[in-house]
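*Asks:* One structure, pasted below without further comment.
The values are calculated or read from the model by the stated rules, or taken from the named source; none is laboratory data. Computed from a predicted structure; not experimentally measured. Here the Cβ is made from the backbone with ideal geometry for all residues, glycine too, and neighbour counts use every protein chain on show.
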Amino acid sequence: MLDQIAAPADQAEEAEDRKLLIQRGLELIRDEFSQSVWEAFWQYAVCGRSPTEVANELGLRLGTIYSSKSRVLNRLRLEIGFVPE
């Protein structure tokens, strides 16, 4: 029973640690990308906007939006050892 009570607190702490690691990783790699690549990634992957909407707003091709997300996440994986879900 004690394990069941402690588990949610442990999970919350682990989730917070993971979030901080992702944030720090993103800070470390930010300057490796152009403003347009970063904005495409951020709007699509972080803000959750549709890739079509982001492409239209930024004046980029749809493929560029997907490519931007992939490039940043691949670099993040190298920096922190995993990719956020």
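*Asks:* Residue check, Gly81 against (1) modelled with pLDDT under 95; (2) touching a Pro at 6+ places or on another chain (Cβ under 9 Å), all met but one. Which one?
*Replies:* Answer for Gly81: the failing condition is (2).
*Asks:* Any idea which residue in region 33-63 is surrounded by the most Cβ atoms within 10 Å (Cβ to Cβ), counting only those that are small (Gly, Ala, Ser) and on the phi < 0 side of the Ramachandran plot?
*Replies:* The residue in question is Ala40.
*Asks:* Continuing with the same structure: Considering only helices (runs of 4 or more DSSP H) fully contained in region 1-58, which possess at least 2 residues that are at pLDDT 90 or above, closer than 16 Å to Val83 by Cα and not hydroxyl-bearing (Ser, Thr, Tyr)?
*Replies:* Here the list reads 2-29.
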